[in-house]
1. Of all residues in segment 4-30, how many are in a loop (DSSP other than H, G, I, E, B) and within 16 Å of residue 73 (Cβ to Cβ)?
2. Can you work out which of the residues in segment 31-61 that are in a helix (DSSP H, G or I) and more than 24 Å from residue 13 (Cβ to Cβ) is modelled with the lowest pLDDT?
(Lines give C-alpha, C1' and ligand atoms only; values in the text may rest on other atoms or scores of the structure.)
Protein backbone atom coordinates (compact mmCIF):
# COMPACT_ATOMS: atom_id res chain seq x y z
CA UNK A 1 0.00 0.00 0.00
CA UNK A 2 1.32 3.41 -0.95
CA UNK A 3 0.96 6.53 1.22
CA UNK A 4 -1.35 8.13 -1.35
CA UNK A 5 -3.66 5.10 -1.15
CA UNK A 6 -4.17 5.35 2.61
CA UNK A 7 -7.29 7.09 3.91
CA UNK A 8 -6.77 10.56 5.37
CA UNK A 9 -7.43 11.28 9.04
CA UNK A 10 -9.15 14.31 10.50
CA UNK A 11 -6.59 17.00 11.47
CA UNK A 12 -3.84 15.09 9.68
CA UNK A 13 -0.61 17.03 9.10
CA UNK A 14 1.42 16.96 5.89
CA UNK A 15 5.02 17.84 5.26
CA UNK A 16 7.06 19.20 2.41
CA UNK A 17 10.76 19.67 1.94
CA UNK A 18 12.20 23.09 1.18
CA UNK A 19 14.91 22.59 -1.42
CA UNK A 20 17.88 24.78 -2.17
CA UNK A 21 17.83 26.83 -5.34
CA UNK A 22 21.66 26.78 -5.44
CA UNK A 23 24.05 23.86 -5.82
CA UNK A 24 27.20 23.62 -3.69
CA UNK A 25 26.21 26.74 -1.78
CA UNK A 26 27.02 27.71 1.79
CA UNK A 27 24.01 28.06 4.08
CA UNK A 28 24.38 31.49 5.65
CA UNK A 29 20.98 31.63 7.32
CA UNK A 30 17.49 30.18 7.15
CA UNK A 31 14.54 32.39 8.02
CA UNK A 32 11.30 30.39 8.27
CA UNK A 33 9.21 33.36 9.49
CA UNK A 34 7.28 33.81 6.21
CA UNK A 35 6.40 30.12 6.06
CA UNK A 36 5.40 30.01 9.73
CA UNK A 37 3.13 33.04 9.21
CA UNK A 38 1.11 31.17 6.57
CA UNK A 39 -2.24 29.66 7.52
CA UNK A 40 -1.97 25.96 8.19
CA UNK A 41 1.80 25.89 8.79
CA UNK A 42 2.45 24.39 12.21
CA UNK A 43 6.22 23.95 12.38
CA UNK A 44 9.54 24.28 10.56
CA UNK A 45 12.48 21.93 11.14
CA UNK A 46 16.07 22.29 10.00
CA UNK A 47 19.38 20.60 10.77
CA UNK A 48 19.66 22.76 13.90
CA UNK A 49 16.59 21.04 15.34
CA UNK A 50 17.95 17.49 15.13
CA UNK A 51 21.04 15.77 16.52
CA UNK A 52 23.81 15.45 13.91
CA UNK A 53 23.39 11.75 13.06
CA UNK A 54 19.70 12.34 12.33
CA UNK A 55 20.29 14.81 9.51
CA UNK A 56 23.63 13.67 8.09
CA UNK A 57 23.12 10.47 6.11
CA UNK A 58 20.24 8.02 5.94
CA UNK A 59 21.92 4.84 4.76
CA UNK A 60 19.54 2.56 2.91
CA UNK A 61 16.76 5.12 2.72
CA UNK A 62 18.18 7.88 0.55
CA UNK A 63 21.47 6.23 -0.45
CA UNK A 64 23.62 8.56 1.65
CA UNK A 65 21.81 11.75 0.63
CA UNK A 66 21.44 14.34 3.35
CA UNK A 67 17.95 14.88 4.69
CA UNK A 68 18.76 18.26 6.27
CA UNK A 69 21.76 20.16 4.91
CA UNK A 70 24.02 21.88 7.44
CA UNK A 71 26.76 24.32 6.51
CA UNK A 72 26.83 23.56 2.80
CA UNK A 73 24.27 22.35 0.27
CA UNK A 74 25.63 19.45 -1.70
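1. 13
2. Ranking the candidates gives 53 first.
The values are calculated or read from the model by the stated rules, or taken from the named source; none is laboratory data. Computed from a predicted model, the values in this text were never measured in an experiment. So basically every Cβ, Gly included, is an ideal-geometry build from the backbone, and we count neighbours across all protein chains shown.
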